[in-house]
């Protein structure tokens, strides 16, 4: 399994989780599956649940969908070893890592709370960052 395949898989799973959180937040899903301390609700309805007036879960849904589509296109045929695929993934993943750091600060330091869904997303985007870095090294080796 290629690095880009793993990135696509992680992005697809997290896009679905983010969509679930967004649909719950706007009232289109039933009960939120979360921990007993209601950390998800606390985080979702805090000031950190929105960014520039947009629901963070919706931003995550769109962001992960973009990573998924980019990884899928970048792993097929002649694109499998193309540097543009890695650069495009880096351009999507690294800002997401920075955005996640901001959210984790808010969740842990400001709100003193914990959202397991947010933790899964944070671990996934960091994993994607590691994988895209390894993919950049692989592509560079191929072009040498």
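No lab work stands behind these numbers, since they all come straight from the coordinates. These figures come from a predicted structure and were not determined experimentally. In this analysis, Cβ positions are derived from the backbone assuming ideal geometry, glycine residues included, and neighbour counts consider all displayed protein chains.
Provide 124, 144, 2 in ascending order of the number of other Cβ atoms located within 10 Å of each residue's Cβ, fewest first.
On the way: 124 21, 144 5, 2 15.
In order of increasing Cβ crowding within 10 Å: 144, 2, 124.
Just to confirm the number: angle between the C-alpha axis of helix 116-143 and the first principal axis of the chain, 0 to 90 degrees, nearest 10?
The answer is roughly 10 degrees.
Give or take rounding to whole Å, what are the principal axis extents of the alpha carbon atoms in region 3-143, in descending order?
In descending order, the Cα extents are 50, 30, 27 Å.
For 68, 108, 99, what ranking results if the residue with the fewest other Cβ atoms within 10 Å of its Cβ goes first? The partial results should precede the final answer.
Details: 68 20, 108 12, 99 16.
In increasing order of surrounding Cβ atoms, one gets 108, 99, 68.
Using helices alone, what [θ] at 222 nm do you get for the chain, with -39,500 (n - 2.57) per DSSP H run of 4 or more residues, divided over all residues and rounded to the nearest 500? Provide the component values of the computation, followed by the final result.
On the way: 5 runs with 99 residues, N = 144.
Mean residue ellipticity, 222 nm, calculated: -23500 deg cm²/dmol.
Relative contact order for region 1-136: what percent, with Cα pairs under 8 Å and sequence separation of 6 or more?
Computed value for region 1-136: 37 percent relative contact order.
For a quick check, take a GNM of the chain with Cα springs below 10 Å and name the residue from 106, 35, 27 with the largest mean-square fluctuation.
27
Where does each of 121, 143 land when they are ranked from fewest to most other beta-carbon atoms within 10 angstrom? Walk me through the intermediate numbers first.
On the way: 121 26, 143 9.
In order of increasing Cβ crowding within 10 Å: 143, 121.
For helix 83-105, report the angle its Cα long axis makes with the longest principal axis of the Cα atoms of the chain; keep it between 0 and 90° and round to the nearest 10°.
Computed tilt is about 20 degrees.
If the elastic network links every pair of Cα atoms under 10 Å, which of 26, 125, 13 fluctuates the most in the Gaussian network model of the chain?
Of 26, 125, 13, the Gaussian network model singles out 26 as fluctuating most.
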